1. For segment 33-204, I need the span (max minus min coordinate) of the C-alpha atoms along each principal axis, in Å, sorted largest to smallest.
2. With labels modelled as points extended 7 Å from the Cα through the Cβ direction, what inter-label distance (nm, one decimal) is found for Arg14 paired with Glu195?
3. Order of Cys40, Cys35 from fewest to most other C-beta atoms within 10 Å?
4. Straight-line reach from Lys159: which lysines fall under 18 Å, measuring Cα to Cα and dropping same-chain residues less than 8 apart?
Amino acid sequence: MQTDVKTFTFAQTRVLVQEELGASATATADLDLGCYVWPCAIALATFLSQQPQLVASKAVVELGAGTALPGLLAAKLGAASVRLTDKCIADLVPAARSIALNQLDPARIHTATLAWGWPISRDWTCDVVLAADCFYEPDDFEDAVATIARLLALNPTCKAYVAYQLRSVQHTLQPYLARWRLQATQLATATPELENVYLIRISSATAGA
């Protein structure tokens, strides 16, 4: 499989990311979704670069990290700890390689498996949850929202920052957010050129927004 190291610069912060592409990045059959930097990751990372206080000195968990651009940037913006998560160890290979590429301290940033929709142990403490393009397959929507809800339930002051691309008006997040008693606030995006990409902040409906 072809590999490619890309450099992303946000203000004065540079992040290196290793992609693994098939013959065509636009051909679904040739593309491992977690091995490519999707527009939502760029949108979320750009937002964090403009709001570094959201992650500075915070415990951060990134869901469905893939190449982990937002999580890597969070570490460089001063997060106290970052856990880059995905559904299985194999899916975490790009994130692990990108940690090494950026020469980040493994005591502050590491990978961990976290299967969506399953119960979460109490040791998953965090202040911030990041999720970029975790809402790609409609069949995953419920499990992804459930995982966010469970992390927020364990950490009542935690907020989730989510970037997602609306691919069909028939598949939206609202029903799942309501079912899991979550509230969402739409945030301004600094990347209007990314079509149908939205940023939202999610919190428990019983907590302050």
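Laboratory data are not the source of any read-out in this text; all were calculated from the coordinates shown. Predicted model only: the values in this text are computed from it and were never measured. Cβ: placed from backbone, ideal geometry, glycine included. Neighbour counts: every protein chain shown.
1. Principal-axis extents of segment 33-204 (Cα, largest first): 42, 38, 31 Å.
2. Computed distance between label sites Arg14 and Glu195 equals 3.3 nm.
3. With the fewest neighbours first, Cys40, Cys35 line up as Cys35, Cys40.
4. Within the straight-line limit of under 18 Å, Lys159 reaches these lysines: Lys58.
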